[in-house]
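Colleague: The structure that follows is given in the form of structure tokens.
What follows draws every value from the coordinates through simple rules; no lab data is involved. Remember, predicted model here, so these are calculated numbers, not experimental data. Cβ sites come from the backbone with ideal geometry, for glycine too, and all protein chains shown count toward neighbours.
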Amino acid sequence: MPRPPRFAPPRVALGLPLGLALVLTLPGGLALGRAGTAVPRASAASAASSRAAETAAAVVRDATGRVLGSVRFERYDLEKTRVSVSVRGLEPGFHGFHVHAAGVCDPRAVDRATGTAFSSAGSHLGPGTHGAGAGDMPPLLAADDGTASASFVTDRFTLEDLADTDGSAVVVHAGPDNFAHIPKRYFHRPDSMGATGPDLTTRKTGDAGARIGCGVVRPRA
Ligand SMILES: [Cu+2]
């Protein structure tokens, strides 16, 4: 399967080989930064450590305002982000878990078509069909006691992507997420786009159902 398109444009410029473009150590205690500008090694190191200290976090609440848990985002490396989530109060089983494009969790923003709250969080982060988008993450698995926790690394987004101009939000869904993975043997009459594969709901949400939890992602220095 081809690698999905990245949400953010490539960050390495200059046409240098990847390893060279990141840090080139020069004689005299200088290093080449990512933009190719010579900078003192100390400042390059402190910039790296301040980047490494950056995190973001979200408190996930249900539509009544009850806290379900939290999600933490940490920079793993220049391309990857570690996501750590711990929530409770869920129905046992799998739950779709995504980053949505807008950092607004309004429980009164009910989508007319589906009746689900938190429509204010918008669609998934980044372009791409469901399953190949930046905001797609592994589903949560809630145990019989309603708790779910997970930690994983993704290269689909960075902390900068989460902190774009309209922010972002994490959303927990009521049902499992099929990632729009519908084998081609399932057909239906052509839809408005002329497609005969999975319908629009499947392609957009993976049939994960209502948004039962939402948390605004807040960057931390
Ligand atoms: Cu979602």
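Colleague: Please compute the length gained on full extension between Lys80 and Lys184, using 0.36 nm multiplied by the number of residues separating them and subtracting their Cα-Cα distance. It would help to have the intermediate numbers written out before the result.
Modeller: Details: separation 104, 0.36 × 104 = 37.44 nm, distance 3.21 nm.
Additional length available on full extension: 34.2 nm.
Colleague: Amide H to amide H under 5 Å from Leu68: which residues, 5+ apart in sequence or cross-chain, H placed 1.01 Å off N in plane?
Modeller: Counting only residues 5 or more places away or on other chains, the set is Val60, Arg61, Asp62.
Colleague: While we're looking at this one, here's another question. With θ set to phi - 60°, apply the Karplus curve 6.51 cos²θ - 1.76 cosθ + 1.60 along segment 95-106 and write out the HN-Hα couplings as whole Hz, x wherever there is a Gly or Pro.
Modeller: So the J values, rounded to whole Hz, are 9, x, 9, 9, 9, 9, 6, 10, x, 9, 10, 9.
Colleague: Please list, in chain and number order, the residues 5+ apart from Gly206 or on another chain whose amide H is under 5 Å from its amide H, with Hs placed from the backbone.
Modeller: Here Ala180 satisfy the definition.
Colleague: Return the sequence-ordered ³J(HN,Hα) values of segment 110-122 in whole Hz as given by the Karplus equation 6.51 cos²θ - 1.76 cosθ + 1.60 applied to θ = phi - 60°, using x for Gly and Pro.
Modeller: Using θ = phi - 60°, the values come out as 9, 5, 5, 5, 10, x, 8, 6, 6, 5, 4, 6, x Hz.
Colleague: What FRET efficiency comes out for the pair Glu54/Ser151, r = Cβ-Cβ distance, R0 = 22 Å, nearest 0.05? Walk me through the numbers on the way to the answer.
Modeller: Details: r = 18 Å, r/R0 = 0.80.
E between Glu54 and Ser151, to the nearest 0.05, is 0.80.
Colleague: Return the sequence-ordered ³J(HN,Hα) values of segment 141-148 in whole Hz as given by the Karplus equation 6.51 cos²θ - 1.76 cosθ + 1.60 applied to θ = phi - 60°, using x for Gly and Pro.
Modeller: 10, 8, 6, 4, 7, x, 8, 9
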